[in-house]
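Notes follow once the structure below has been shown.
Each value in this text was obtained by applying a stated rule to the coordinates, not by laboratory testing. As the structure is a prediction and not an experimental result, all values here were calculated from the model. With ideal geometry, Cβ positions are generated from the backbone for all residues, glycine too; neighbour counts draw on all protein chains shown.
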Amino acid sequence: MNIPDEEHWAIITVDRIYIPGDERSRTNPGHGYPEHYEETINYRSFTSWTDFCNEVTQLTNRNKKFKAVSVKPLKVETTVTVKMV
């Protein structure tokens, strides 16, 4: 996943993926893993305001649920201290 280090815009969507159960769960209920859905979170970043606005327009026209955000990544610093005891 490529997330820009500089300020950018992003669109976050949630999708559901169908996972079919295995044969064992169908023939022996309570065993194996059953069919189910898993949610995935998708993050699409944009460094172009025009591209971002075009995507927001397309998603809105398709009645797709999404969150549009402005992102300012933080810098994280780590300090290591060595002590003699």
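The residue that is nearest to Asp15 (Cα to Cα), among those in the stretch 38-69 that are in contact with a His (Cβ under 8 Å, 6 or more places away or on another chain) and of a type in the set (Ser, Thr, Tyr), is Ser45. With respect to the conditions (1) closer than 30 Å to Trp9 by Cβ; (2) surrounded by 11 or more Cβ atoms within 10 Å (Cβ to Cβ); (3) of a type in the set (Asp, Glu); (4) in contact with a strand residue (DSSP E or B) (Cβ under 8 Å, 6 or more places away or on another chain), Glu35 lacks only one, and its number is (1). Within the stretch 1-18, the residues that satisfy the criterion of being assigned to a strand (DSSP E or B), within 15 Å of the chain's Cα centre (by Cα) and more than 30 Å from Glu35 (Cβ to Cβ) are Trp9, Ala10. If the condition is being among the basic types (Lys, Arg) and surrounded by 10 or more Cβ atoms within 10 Å (Cβ to Cβ), then the stretch 68-85 contributes no residue at all. Quick check on my filter: what residues within the stretch 1-37 are aromatic (Phe, Trp, Tyr) and either touching a residue at least 24 places away in the same chain (Cβ under 8 Å) or under 28 Å from Ala68 (Cα atoms) (or both)? Once the filter is applied, which keeps residues that are aromatic (Phe, Trp, Tyr) and either touching a residue at least 24 places away in the same chain (Cβ under 8 Å) or under 28 Å from Ala68 (Cα atoms) (or both), the stretch 1-37 yields Trp9, Tyr18, Tyr37.
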